[in-house]
Structure formats: C-alpha cells, structure tokens
Amino acid sequence: MELKPYQKQNINDLRTYLSFYATSGSPSEAFKTFWTNHPRTPLNPLEVEKYTENIKDVPHVCLKVPTAGGKTFIACNAIQPIFDHMPLGKPKVVLWMVPSTTILDQTVENLRNTHHPYRQKIDTHFGGRVEVYTKDQVLMGTNFSPTTVKEQLTIIVGSFSSFKKTRNKDNRKVYQENSNLAEFSKTYTDHAKLVDETDETALIQVINQLNPVVIVDESHNAESDLSVDMLQNLNPSFILDLTATPRNNSNIISYTDAWELKKEHMVKLPVIVYNHHDKTDVINSSIQLRHSLEAKAIAEEKNGGKYIRPIVLFQAQTKNEKDAETFEKIKRKLVKAGIKEEEIAIKTAQINEIKGQDLQSKDCPIRYIITINALKEGWDCPFAYILATLANRSSAVDVEQILGRILRQPHVKQHQEPLLNLSYVFTASASFGDTLSNIVKGLNKSGFSKKDYRIASDIEPEEQVDVVSQQLGLTSVSPSEEDVDDLDFDESKIKIGPSDFSENTPLQAIEKQAIAENTEFEAEAQARANDDRPPVDLWNKVKSYGIKPTFKDTAEAICIPQFFIEKPPSLIDESVEILLEKNDLVGDFEIKQQNTSIAFDTVSSEMYRVDVEQNKDTPTYKMETREVKNYILQHIEGLSEEQQLKNLASLIFNEIRKINGVNDRDLLRYIERVIEDFNSDQIADLKQNPFNYGAKIRAHIIRLSEVHAEKTFYQWLDTDKVSLKPSFKFRKKISPASTINAIGKSLYEEEDDINKFEWEAINQVANLDNTEFWHRNDERKGFSINGGFVNHYPDFIARTKKGNLVIIETKGDHLANEDSERKIKLGKVWANKAGDGYKYFMVFKDKPLSGAYTLADFLNAYKEL
C-alpha cells in the first residue's frame, strides 16, 4: 500500500518542518519559518499562529486529516523521517497513544501483523527490526531490555490515560519499583529529567530516559488525559498529533481538505439526508435502499467489481437500564417483519454481537446493526452505508457521534454505480433543522463541513418536514400523537422483498435525488481540485489573486507543452502518457558500475550531518556535536580495522541512502568500495568525520546520476520515447507570500515578489508596446521545463500581442556556470520542439554564456516577437 497524494503531502510537510527544526534548533522558530516558506501556501509572518510550547524545547506539531483519511498509515510513514533527524545512537522508541481500548487493540493487532500494510511499511523503513509492545508487556519486561531497545525500533502502544499518575491500580504500576526493568537503570544518562519521588526501576523512568517519540492518534480526545505534567514525565523528544479536529493552538503543519479524500475515493460523500414521517418509513426506506444497493453491488461484482454487502446502522435512543431489553425487542420485531435473524446484530456497551466478526467477509451474514453510540472511533466498516435513527419525532437526532462510521469508501475505489459512492442518513424528526445541525457537527467531528451533505430534496431544511409529508400523501403528527419509544413502529408495514417495492415508494425519489446531488457534488469537488486554492482552514490567512478580467479568456486558452513519456500497460491499467520525471530517466542507473574517484582533499575538519528535502537532490548540512563524535569513536573502538570500515560504511549508508534511483544494496557496496582503499591517514580522518565523507560520496553519486539522466533524456528525445504535449495551464488564483503590483500588464491582480535584476528586466518587458501580459512563474507550483535531469522553473512567462509565448530566465552574471549551460540547452530544445509561437531566453545583465543574451540584446530580440 502506497501513500495517496495528500498523504505524501502530509509527510512532505513533516519533513520540511523537521528540516527547519534541524537548522534552527528551535521548535517555535522552525514553525514560523515553515509557514512563511511553505512550498504551497506561504503565509505572511503576521498571519502565522503563535507556536504553543507544551514542553520546553520539544517539537509538538499536528497533522489535520479527516476521518477515513488514513491517519494510522500516515503515522507509520512519519516514524522514519522523524528518526532521520534524531541524534546518532539515540534509541528508536515510539510511544503510540490512542484514545480507547478498541483502537488500542486494533492498533496493536495491525502493527504486529507482518502481512498488514501498516507493519510492512514500517518493516521496509527499519529493515524488519521492529517490536510492538503493550503497556502490560513492557511492565513484565517481556523481550524488553536495554539490548533489544538498542537493536530495533520499539513501539509501545498505550491509551491516553495509561501513563497518568492516578490512584488507578494499573496506572500505579507504571510509577512503582519494577525489578523486571532494573537493567535499564544502569543505562540512564540524563538523571535531571527523572520523575521526582519515583523509583528508578519504574516503567515511567525507563520511558523517560528512552526519550521517546510520542505519536498521539485522535489527539482531539486527549484534552484532559494528556496533561503537560504527564508529557513531562514521559520526556518526549518529539510529539506528533494526528486528528480530524485539532484543538486550538495545536501547531498544525499540514491540512487535508475533504475533497482530497473524495478525489482519492477514500470516503462516501456527499451524505444524503432524508427525513420521513415516522419510524416505520425510516425502517422501510433503510431496508429497501440497502436491498437496492446490494443488488447493484452484486451486478457490479459480476462485471469485475469487488464484493460489497451494504449494512444499515439502526440508531436507537438511550433512556434507562432497560435498553438491552429494548434492543432485543427491536431485533425481534425486525425478524417478525421478515429479516433473517442472523442478518441482525446488536452492538452496545453491554452487548456486542459483532465481536470477532469480519464484517467484510463474504461468509458474514450481518446486514443490520442496532446500536446507540457504541460505534465511535475505532470501529471501521466501509460496508456501513445507511444510518437510520429510530429516535422520537420530537428529538433532534443525535447522529453526531457515529456519523463518521458510514463515511469510509469500500475498497478505496470509485464504483461504477454512483449510489455505491454515497452514504445515507434517514430520520423521522419534527426538529429536522436541529437534526441537520447535529449532522453538521458529526461531519465537523470527522474533519468535514456542512458542504459535504445534501438533503434529498430541493427544499430548504426549515420547509423539509412539511413538504415531504405532502409529497408522500402523509399528514403531520401533533406532539400528543408522536411516537413514544423506539418500539413504536408497525412491523406489519415493513416491506422486505423486491416484490413489496412499488414505484410510488420514497426509494425511487431518494435514489433519483441522490444521483442528482452526487453529480452536483462531484462537479464542485472537481472545480475545487482544479482551483488550486489553499486548504479551507487557511482561506482567511492566505490572500489569493485572480487573473485580471482583461486577460482571462486568453490565459484560460493557453496550454503550455511539457515533456511526457508513455507508461507501459500493466495487469490493471492500460498504457498512459505521464509527465516525465527524473526517476523515469535513472531506472537503469547502476551505481555499482560507476567510478569511485572522489576528491576528499577538501573534507572539513568539522562534523556535519547531511539532510535532504523530500524529492530534491540538494543536501543541507547541520554541524554535529562533540557528543555524537565521541559516540562514533566509542562505538567502533576495539574493533578490527575491517570491522571498523564496515561500521563506518554502514553509518554513511544510513545517512545518505535517500538517493533517487539507487538501490540500497548497491549503494552500501559502493561506499565500501570507496573506503576500502583508504590509507591509514584517510581512515583516521574518516573516523573523525564520517558524515563529511558521506556528503562527498553523496554529491559524487548525484552528479553521476544526473549525467546518466541527461544522456538518457536526449537519447529518448531523438527516438521519440519522450514527446512534448500541451499540459500546463495557468492557475485561476495564486497565493504568493509577498507581492509586487507596481509593474503594469501583469497577468494576475498581483504577482510574486522579485529581486532587483528581475525587476529591471520584467519592468522593461512590460513597458514594450508588443507585450500583452507577463507573469512571475512560481518555482514551486508553476510551469517547469521538465527535462527530468533538471526541472527548470523559469522566472517569467510573457505573451506578446502577436501571440508568442516567451519563457524568460534571468541570471546574475555570477551564475554563469554549468547548471545554467544545461538549462540553456534544455530551454532551446523545448522551444524548438514546441514549435512556432514558443520562445526561450536566458538573460544575463552583461556577461552571458554561449546561447544566452545580455539584457539589452534580449530586449531588442523581444521587440520583434
């Protein structure tokens, strides 16, 4: 299982924050720098929320992801980048906090299952050296010792309240003397952080000294349990929250909108809401729609689709201690109406008839579940399609707590039958406006909004109850005649089989309106995807600027060519053309065949660690501490020279392994080849500065791969394996962090800020009579000449009144280097392939490279276009 695009963005945002933190060493400064330099939505410094420092000097950040967005899988992918930024030799320990026993059991089961995608991803990142524990297991010291912790990734799963200092018997054990953990007390290095008045062998002290990474799942539920005192006792090195509904001051570094989940087929949206006259109608519609959905699912499965057995959640009201008897009576009445008993299950706090059932198995008969609010976070069944409330008509239906349980999309794919891509809520409420408010609250709790539901009618909510009654030929019910409890429905009027369905039942109206509402919703979601606006949460903080009306029609018609390759067909997909990327060009690059001639004579005597931004090949460096240097020397002291070199090669490998197109095994062997011929002086220097040597090796490999990619690109271009096709369109709105609006003829209302030479160049372009408009190209989200070996984001795009599209790259004279030469060549090739009407210029102030122009010469040429 691979990350969805929005999940990749979550991880990229985390990596970016970690990179800024590695540079500054300050969680708050990194947070501010992160948002003012965000690659997608940079904020004005005044708009950045104040960072909340819960634990001094400990980074604590949050990823906001709606329900069904795969928060657990995101967390699994977050562990490696966090530890990549930790000091060398630090134990890799994760304390994974969850809100409930249900989620705890699920999390432990999935993280331990080596066949589950969660565990497989973690195993991939940590070489399979992973152990997952519960609190009880670490209390017993079961396969949990200083030695095992040093050799593996250790994940301890516990509930929010597991480590609170309370009178609870189980919690007291965490703070009590524990002979099973006595060996750990000999390894403590930071005694000042130990918990006061607590034995050194207590589990809380062990965790404290292991300085864990804390992952908080569904952190919005942790307000009271995760106190600052408890977090201080845990002594975390990093805290990562994942939630659909962050609390205030949560230090959010990544937002995911609902439309992104819909786009990736993670959720059944919109929610179709239909209000009925009474509970008998609610039950009838639920049964009939469920039957209709299952018939459609069976037909789709016969045509190659996957198995789906739609499930109805009947939500009863809670009143007294006789609830269990009420649920049984509801079940009996449904059976009496003709539903098979094995198809009905009860799930409450006291009764759990779905325990041990695999609800997605073909062998499971369950199609109806009777509950109150027992199905909260932690209960996942994508087959749950319909939430039908059996509350009194006088009640505003409390669907807030369990609405999220029907939102997950089966098999995470778009189904051919539109009705299988939606979820449904049926009510019989005279307080329908209040019921809709609760539905909105339920959506909000799941990270969605009021825009993600639709009423199955074109009538306003306030009018819905009366008009629906009129449409169905029903009369309104006065309060004195209302249903008195959940049992007050007529089972004799329940229609079970298809023969009972007439063309005049609400089912046909519901299905027809649901399809219409879904079509509208899909159009809105697609428009949102194409709009390229920032996440909804940032709309009030990010200023957006649209295309000027004068240029709107012309700009919308422009589609700038980019390089594509054809992706060969697979068992699942037909062949398709995709944008060229560097990975496509280095697929056959083999480092084991490359030379090892690297000039190490300029290696610094200071020790630095190498870090690389995701999907970029430009490294950044951070000076390492004397403690890290001493740790390395102590770690290899006493080993043979051969073993020392192997350990140093492994150390360098772990630092530089994030290189596109390079196999891990070949990379390690290459590093060993590089250092195996070192003389004694070089070996001594390598021991002192392994990361600096690693940086040199990495730079050499990157250059070799770039040379290979460039050679492959031009070969493929000559053989038509790479082609140029219309691709890039101007965004409807842009959101630059700082702007310039003093230059006329700009495409957008305001343009991104520019430097002095850029201003000089584009100002003169704008003042030429033949210029129609110009645009400052965004180096993060704008147009790129995607040669693969280098993604060239030119500075400006201008259009002349003759219809020529002119790509302009400005360079200071000090940038007359090899990188500029490669971009000139690529730009000229792009323009030639694009054909008439497309021009490329690299512009220097006074001293151009071959193929480039001085500013004066460029302006003379531009005047003729």
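The values are calculated or read from the model by the stated rules, or taken from the named source; none is laboratory data. Model, not experiment: these values are computed from the prediction. A quick note on method: Cβ atoms are made from the backbone with ideal geometry, for glycine too, and the neighbour counts reach across all protein chains shown. Only protein heavy atoms, including side chains, enter the accessible area calculation; ligands, DNA and RNA are left aside. Shrake-Rupley method; radii C 1.70, N 1.55, O 1.52, S 1.80 Å.
Identify all residues within segment 47-95 that are aliphatic (A, V, I, L, M), open to solvent by less than 10 Å² (accessible area, probe 1.4 Å) and part of a loop (DSSP other than H, G, I, E, B); write none if there are none. Before you say what the answer is, go through the steps one by one.
From segment 47-95, those aliphatic (A, V, I, L, M) are 48, 55, 58, 61, 63, 65, 68, 74-75, 78-79, 82, 86, 88, 93-95; that's our starting set.
This time we only want the ones that are open to solvent by less than 10 Å² (accessible area, probe 1.4 Å), so: 61, 63, 65, 68, 74-75, 78-79, 82, 93-95.
Val65, Ala68 - these are the residues of segment 47-95 that are aliphatic (A, V, I, L, M), open to solvent by less than 10 Å² (accessible area, probe 1.4 Å) and part of a loop (DSSP other than H, G, I, E, B).
Among (1) open to solvent by 20 Å² or more (accessible area, probe 1.4 Å); (2) among the β-branched types (Val, Ile, Thr); (3) in a helix (DSSP H, G or I), which single condition is Ile11 missing? Unmet condition: (1). Whether any residue in segment 788-807 is open to solvent by less than 40 Å² (accessible area, probe 1.4 Å), of a type in the set (A, V, I, L, M), touching a residue at least 60 places away in the same chain (Cβ under 8 Å) and within 21 Å of Glu710 (Cβ to Cβ) is what I want to check. Yes, the conditions are met somewhere in segment 788-807.
Looking only at segment 272-313, residues that are under 29 Å from the mean Cα position of the chain (by Cα) and aromatic (Phe, Trp, Tyr) come to 1 in all.
Restricting segment 340-355 to residues that are hydrophobic (A, V, I, L, M, F, W, C) and either open to solvent by less than 80 Å² (accessible area, probe 1.4 Å) or part of a helix (DSSP H, G or I) (or both) leaves a set whose member that is modelled with the lowest pLDDT is Ile351.
For the subset of segment 714-747 comprising residues that are among the aliphatic types (A, V, I, L, M) and at pLDDT below 90, which member is farthest from Ile785 (Cα to Cα)?
The first filter runs over segment 714-747 and keeps only residues among the aliphatic types (A, V, I, L, M), leaving 717, 722, 724, 734, 737, 740, 742-743, 747.
Now restrict to residues that are at pLDDT below 90: 734, 737, 740, 742.
On the way: Ile734: 20, Ala737: 24, Ile740: 25, Ala742: 28 Å.
The selected residue is Ala742.
To keep it simple, each residue is scored yes or no on (1) open to solvent by less than 40 Å² (accessible area, probe 1.4 Å); (2) among the β-branched types (Val, Ile, Thr).
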site: Leu181; (1), (2): yes, no
site: Ala192; (1), (2): no, no
site: Thr201; (1), (2): yes, yes
site: Lys262; (1), (2): yes, no
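Can we say Val790 is touching a Lys or Arg at 6+ places or on another chain (Cβ under 8 Å), closer than 30 Å to Ile565 by Cβ and of a type in the set (Val, Ile, Thr)? Yes, satisfied.
Got a sec? Which of Asn755, Asn741, Asn770, Asn763 is open to solvent by less than 30 Å² (accessible area, probe 1.4 Å), polar (S, T, N, Q) and out of contact with any helix residue (DSSP H, G or I) (no Cβ under 7 Å at 6 or more places or on another chain)?
Values: Asn755 fails: open to solvent by less than 30 Å² (accessible area, probe 1.4 Å); Asn741 fails: open to solvent by less than 30 Å² (accessible area, probe 1.4 Å); Asn763 fails: open to solvent by less than 30 Å² (accessible area, probe 1.4 Å).
The unique qualifying residue is Asn770.
Taking first residues from segment 66-84 that are free of Cβ contacts under 8 Å to residues at least 60 places away in the same chain and partners that are open to solvent by 10 Å² or more (accessible area, probe 1.4 Å) and assigned to a helix (DSSP H, G or I), the Cβ contacts under 7 Å between residues at least 6 apart in sequence or on separate chains come to Cys76/Tyr118; Cys76/Lys121; Gln80/His125.
Looking at segment 842-865, which of its residues are open to solvent by less than 90 Å² (accessible area, probe 1.4 Å), touching a residue at least 40 places away in the same chain (Cβ under 8 Å) and not in a helix (DSSP H, G or I)? Val843, Lys845, Ala852, Leu865 - these are the residues of segment 842-865 that are open to solvent by less than 90 Å² (accessible area, probe 1.4 Å), touching a residue at least 40 places away in the same chain (Cβ under 8 Å) and not in a helix (DSSP H, G or I). Which residue is farthest from Lys355 (Cα to Cα), if the candidates are limited to segment 96-126 and must be of a type outside the set (Val, Ile, Thr) and open to solvent by 60 Å² or more (accessible area, probe 1.4 Å)? Taking the candidates together, the pick is Gln120. Scanning segment 302-333 for residues that are closer than 20 Å to Tyr385 by Cα and either of a type in the set (D, E, K, R) or modelled with pLDDT of 85 or more (or both) yields Gly305, Lys306, Tyr307, Ile308, Arg309, Pro310, Ile311, Val312, Leu313, Phe314, Lys331. Within this structure, Val132 passes the test of being in contact (Cβ under 8 Å) with a residue 24 or more places away in the chain, in contact with a helix residue (DSSP H, G or I) (Cβ under 9 Å, 6 or more places away or on another chain) and part of a strand (DSSP E or B).
Is it fair to say Glu109 is part of a helix (DSSP H, G or I), out of contact with any strand residue (DSSP E or B) (no Cβ under 9 Å at 6 or more places or on another chain), under 22 Å from Phe163 (Cβ atoms) and among the charged types (D, E, K, R)? Give the steps one after another, and end with the answer.
Numbers: part of a helix (DSSP H, G or I): yes; out of contact with any strand residue (DSSP E or B) (no Cβ under 9 Å at 6 or more places or on another chain): yes; under 22 Å from Phe163 (Cβ atoms): yes; among the charged types (D, E, K, R): yes.
Judged against the criteria, Glu109 is a match.
Number of residues in segment 272-282 that are surrounded by 24 or more Cβ atoms within 10 Å (Cβ to Cβ) and either in contact with an Asp or Glu (Cβ under 9 Å, 6 or more places away or on another chain) or without any contact (Cβ under 8 Å) to a residue 60 or more places away in the chain (or both) equals 2.
Is at least one residue of segment 400-419 in a helix (DSSP H, G or I), more than 23 Å from the chain's Cα centre (by Cα) and either surrounded by fewer than 24 Cβ atoms within 10 Å (Cβ to Cβ) or at pLDDT below 85 (or both)? I'd like the intermediate steps shown before the answer.
Of all residues in segment 400-419, those in a helix (DSSP H, G or I) come to 403-406, 410-412, 418-419.
Then drop every residue that is not more than 23 Å from the chain's Cα centre (by Cα), which leaves 418-419.
With the extra rule that they be either surrounded by fewer than 24 Cβ atoms within 10 Å (Cβ to Cβ) or at pLDDT below 85 (or both), the set shrinks to 418-419.
Yes, there is a match, as at least one residue in segment 400-419 is in a helix (DSSP H, G or I), more than 23 Å from the chain's Cα centre (by Cα) and either surrounded by fewer than 24 Cβ atoms within 10 Å (Cβ to Cβ) or at pLDDT below 85 (or both).
Among the residues making up segment 678-708, those that are hydrophobic (A, V, I, L, M, F, W, C), open to solvent by 40 Å² or more (accessible area, probe 1.4 Å) and out of contact with any strand residue (DSSP E or B) (no Cβ under 8 Å at 6 or more places or on another chain) are Ala684, Val707.
Within segment 229-244, the set of residues being assigned to a loop (DSSP other than H, G, I, E, B) and touching an Asp or Glu at 6+ places or on another chain (Cβ under 9 Å) comprises Asn235, Ala244.
Search segment 709-723 for residues being among the hydrophobic types (A, V, I, L, M, F, W, C) and surrounded by fewer than 19 Cβ atoms within 10 Å (Cβ to Cβ), and hand back the single one that is nearest to Gly546 (Cα to Cα).
Residues of segment 709-723 that are among the hydrophobic types (A, V, I, L, M, F, W, C), as a first pass: 709, 713, 716-717, 722.
If we keep only those that are surrounded by fewer than 19 Cβ atoms within 10 Å (Cβ to Cβ) as well, we get 716-717.
On the way: Trp716: 38, Leu717: 36 Å.
Among those that are among the hydrophobic types (A, V, I, L, M, F, W, C) and surrounded by fewer than 19 Cβ atoms within 10 Å (Cβ to Cβ), it is Leu717.
The set of residues in segment 709-742 being over 32 Å from the mean Cα position of the chain (by Cα) and more than 29 Å from Gly835 (Cβ to Cβ) consists of Ile740, Asn741, Ala742.
Do you know which residues across segment 245-263 are in contact with a helix residue (DSSP H, G or I) (Cβ under 7 Å, 6 or more places away or on another chain), in contact (Cβ under 8 Å) with a residue 40 or more places away in the chain and assigned to a loop (DSSP other than H, G, I, E, B)? Before you say what the answer is, go through the steps one by one.
Taking segment 245-263 first, the residues in contact with a helix residue (DSSP H, G or I) (Cβ under 7 Å, 6 or more places away or on another chain) are 245-247, 251, 253-260, 262-263.
Narrowing further to those that are in contact (Cβ under 8 Å) with a residue 40 or more places away in the chain: 245-246, 251, 253-260, 262-263.
Correct list: Thr245, Pro246, Asn251, Thr256, Asp257.
Please pick out the residue among Leu242, Leu269 that is more than 16 Å from Met97 (Cα to Cα), under 28 Å from the mean Cα position of the chain (by Cα), of a type in the set (A, V, I, L, M) and open to solvent by less than 10 Å² (accessible area, probe 1.4 Å). Even if it seems obvious, please write down each step before you answer.
Details: Leu242 fails: more than 16 Å from Met97 (Cα to Cα).
Going through Leu242, Leu269 in turn, the sole match is Leu269.
Quick one: in segment 296-309, which of the residues that are part of a helix (DSSP H, G or I) and in contact (Cβ under 8 Å) with a residue 12 or more places away in the chain is farthest from Asn10 (Cα to Cα)?
Within segment 296-309, the first condition is being part of a helix (DSSP H, G or I), and the residues that meet it are 296-302.
Subsequent filtering for residues that are in contact (Cβ under 8 Å) with a residue 12 or more places away in the chain retains 296-297, 299-300.
Working: Lys296: 35, Ala297: 33, Ala299: 37, Glu300: 34 Å.
In this case the residue turns out to be Ala299.
One residue is enough: does segment 356-369 have a residue meeting the conditions modelled with pLDDT under 85 and either of a type in the set (Asp, Glu) or open to solvent by less than 30 Å² (accessible area, probe 1.4 Å) (or both)? Within segment 356-369, not a single residue is modelled with pLDDT under 85 and either of a type in the set (Asp, Glu) or open to solvent by less than 30 Å² (accessible area, probe 1.4 Å) (or both).
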